[in-house]
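See below for the structure under consideration.
The values are calculated or read from the model by the stated rules, or taken from the named source; none is laboratory data. Computed from a prediction, not measured in an experiment: that's the story for all the values here. FYI the Cβ positions are ideal-geometry reconstructions off the backbone, even for glycines, and counts take in every protein chain you see.
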Amino acid sequence: MGNEEKTPQATPKRATRSSSSSLATSPNPSIHPQTPPSLPDHLLFPQPPISLSQLLSNLPGRKPQILDIVRLIGPRNSPMLPLLLYGRASTGKTSTVLQVFRHLNRPFVYASCRSCHSPRILFETVLNQLLLYNRNKRDGYSSTKRCERPSEFVDLLRDALRKLGSKETSMIYLVFDNVELIRGWIRSSGIISLLFRLFDILKIPELGLIYVSSATPDAYYSMTGSIEPNSVYFPDYTADDLHSIFMRNQENPKLYSSFLSVVLKPFVRVTRRVDELATAFEPLFRKYCEPLTDLKLVPDEIMKRRLFVYLQPHLAASLNETFSIPLKDSFEANKEGVSTKTGSIRKKCGGKDASAELDFHMSVSAKYLLLSAFLASRNPATLDAALFDSTGGSSSRKRKRKSSQTSIDNMDDKAEEMLIKGPGSFPLERLLAIFQCITSLSEDALEEEQIGDGVTTINGRISLMSDALLQLSTLCNANFLHKSGSCPLEGSGRYRSTVDEDLAFKVARSINFPLSKYMYRR
Amino acid sequence: MAAEKSLALFRSRLCDTRFVHSAFKSSPESNYSKLKFLISTSISEGCNNSVLLLGPRGSGKAAVVDLVLEDLKMEHPDAISVIRLNGLLHSDDNSALKEIARQLCLENQLLFSKMASSDDNSQFMIDMLRECGLAHKGVIFVLDEFDLFTQGKQRLLYSLLDALQTLTSQAVVIGDADQLLEKRVRSRFSHRKILFIPPPAEDIQRLIEHLLYLPRESSFSPKYVSEFNSRLSNIFSDKKFKEILNSLLDVDGTISNLLRFLFRAVSCIDMDSGFLSLENFKSAHLCTQRQPKIDALQGASILELYILVCMERLEFKEKNSYNFTSIMKEYKAIHDAYKTSDNYANMVCLRAFEHLLDRELISFTDSKGWNQPIEFRPVKLLISAHELYHGLKSNSACPAILQKLFDHESYK
């Protein structure tokens, strides 16, 4: 049925496909000239080629690697042994390889194993590109040929290359990106062996193979074939390289370089990845420029000093964050009306705890449920009766006796164990019991307080049992709770809380819940 | 100009395995000759034969087979047809039969129907073999990656070898592996083996000369050719070159390793003068000698080094299993003791921990984990203390305190 081969459309028609899928009555005349352009040209990099010096300046710090790659790929129409580029994430491998092809102006096919996450998609993507087939809506986005098994892929690849190769004898290059992800697929060893042995199996000298991977070559030793690829290593950027990378395309280079001289050194101690540093530097630079009225001016020494002093408290705060992209500042204005109490976003503040507030929505009952889960995971079950007595208040008879040395050692050991084992699991009934206790306690507390910030009060009882169960599944989906396997003898399933202490304290603070009173302290 | 031409020539030579192995064509002792003799006798005398080619990866088994078959095809144009199967691609019985049928069709200009079932295919194969036998045409089956065929029930091998035994056709099966055959299959397999071992030193020398000397009758100017060749022979007789070559071959003596090395050296050819120099070979050798773990340590940030040192200390204290929270405890203890400036929050350390996992310097000990959060899964180091020590020393940004901590531990 739909599985037969589709012949690829001839190239002049490609121009009209987009117009034919819209409601135009007559197809527009094709923009391309009458004779179809030679097929490999469509596989060139879409932008005009650049010179070697421009290539080197686009990618600072990568000169030896670029020269190596260019030499190994070699002159036009000369065959090459397969090439493996490896290096940590965010070291510029993909962009280097693509820019090199832009410079060399040779036809290539690019397939990333991140977006082509199964063998079939990978094979079909490569074949589609080779046969210049664009997926479109009319055919339901299907590929030109259906290809699932490696044997089909090899045959179809051979045919496609023969078709292309008959026009000219230029080389076509296949670039496979993120090859290390294939190890996580099913039947991965077969696919990896196939990819690395393509050179052997096909024996087509017009094909050049390039693999890009974040894992080192020893991860593939058992799986590569008889022709092991030549490898080029991409080391991490040094501090100078990072400086030149960040200086590119800056409007006010002098200002930015004074900013970098302040900021780069401490951050490089934590991480050297360009993407993380970029997300951290952006808000800091905005902060740095705040006192300046004119962004174009070149700062002199005095000004640099002052800006540094202004920035310094924020530096320490920013160093302790996790380089995630913060939410927009305008969020604070939208805190209305809903019956949920929203936590405020990460406020700009000086000095210590920059992220003392939560930065996501959560309804009050969900927060209480989260705290109950946290307590249930942290405290041993036997302590519940003591901590939560019927009036809901915490018991005051915590530690009357002075602990002897052995009991201190015991408690230390238990603390060690708890560190290793992680949070314990608890049945659903215990969770709900704790929930009832703390919400009944807080109900009283809430009614005493004056809530005057425009948020609607929570009237009456916090929640019914069904409401709590609904929130439970939400929390599970958000990975705050984890459902362990249930034993049929015990009844309902057991849960485990995956929230860490910091987050729990943040949540508790946002609803004014005295969490530390209830924690089992060693 | 001459440089580019010679570069192109070398590259195409090195990438073409047939050319590489044709160096050994002439010698009578070589595997090439043995194989050729075997096949040609079996064809001319009409007997069934199967031969197994054994050898490590990269020793050129497939290349020699190709060479032999090509030559035989030229000598006896109509008497042979070749069917190639690859264990990697056709490990499944059905697909293998389909592939056999397809190739048979291709050879004999018949139309191939994709929808034929495997029974049809096997019947077809038997019929074809019988026909070929009547026409005195030999069929040669080349099975690459033989060890992958021997997984499962080996039904294909059995039926293939069975068919060969019972029919009056000549077929030669060339396989590529070792002792994995079942008894019934092995009994039908005539035990002829050809061993491919890495070639000894003089052969290597001959091979390199064969690959890298420019031929005199080519389109290069004769002055350039003689200059090039004389320089090259100077390099070959140089002691340093011999050392490089020996160390390369000690690690991996197969031909493909040599080819890779030569390819890299050739690609560094000096474009202005057009001559190869010892420097090219040296730099190529350096490239083959990377140590990925030490490289990874050089690129690690200081926080990541802290975490590694903490893990090393924990291992030294002989904790059987430890996880991120215990590492954090150790980290805080170090900071309390030494009051360093590198005290970071938990989340930042967790991020650095994840980076280390990505780089594969550490890994989890439980493979699937019971969906525990990342802080509690037990981890272990994947580098030895020795490597860590060298990594710390070579990392220029490493603070002295880390080295001090480390020294304190292992050399106590």
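Descriptive notes on the structure:
- Residue check for B:Y331: among the aromatic types (F, W, Y) and within 12 Å of chain A (Cβ to nearest Cβ): no
- Residue under evaluation A:K328, criteria (1) under 30 Å from A:N479 (Cβ atoms); (2) surrounded by fewer than 18 Cβ atoms within 10 Å (Cβ to Cβ); (3) modelled with pLDDT of 80 or more, criterion not met: (3)
- Contacts under 9 angstrom Cβ, first residue in the range A:75-90 being under 16 Å from A:R197 (Cα atoms) and within 8 Å of chain B (Cβ to nearest Cβ), partner among the β-branched types (V, I, T) and part of a strand (DSSP E or B), 6 or more apart: A:M80/A:I210
- Residue match in the range B:373-386 (condition: buried (at least 20 other Cβ atoms within 10 Å of the Cβ), closer than 24 Å to A:P217 by Cβ, under 37 Å from the mean Cα position of the chain (by Cα) and among the basic types (K, R)): no
- Apart from one condition, A:L67 fits all of (1) outside any loop (DSSP other than H, G, I, E, B); (2) within 14 Å of chain B (Cβ to nearest Cβ); (3) surrounded by fewer than 22 Cβ atoms within 10 Å (Cβ to Cβ); (4) in contact with a helix residue (DSSP H, G or I) (Cβ under 6 Å, 6 or more places away or on another chain); the exception is (4).
- Tally, over the range B:280-320, of residues that are farther than 30 Å from B:L248 by Cβ, more than 7 Å from chain A (Cβ to nearest Cβ) and of a type in the set (S, T, Y): 1
- Across the range B:344-359, the number of residues qualifying as at the interface with chain A (Cβ under 9 Å from one of its Cβ atoms) and either at pLDDT below 80 or in contact with an Asp or Glu (Cβ under 9 Å, 6 or more places away or on another chain) (or both) comes to 10.
- Criterion (away from chain B (no Cβ under 11 Å) and part of a helix (DSSP H, G or I)) met by exactly one of A:I192, A:I201, A:I182: A:I182
- The residues of the range A:41-57 that are touching a residue at least 60 places away in the same chain (Cβ under 8 Å) and more than 25 Å from B:A8 (Cβ to Cβ) amount to a single one, A:H42.
- Test: B:F324 is at the interface with another protein chain (Cβ under 10 Å from one of its Cβ atoms) and surrounded by 17 or more Cβ atoms within 10 Å (Cβ to Cβ): yes
- The range A:186-217 - residue that is among the aromatic types (F, W, Y) and modelled with pLDDT under 85 and, of those, nearest to the chain's Cα centre (by Cα): A:F196
- Qualifying residue in the range B:230-243 (condition: within 14 Å of chain A (Cβ to nearest Cβ), over 19 Å from the mean Cα position of the chain (by Cα) and not hydrophobic (A, V, I, L, M, F, W, C)): no
- A:E416 being under 22 Å from A:A508 (Cβ atoms), part of a helix (DSSP H, G or I), of a type outside the set (G, A, S) and at pLDDT below 75: no
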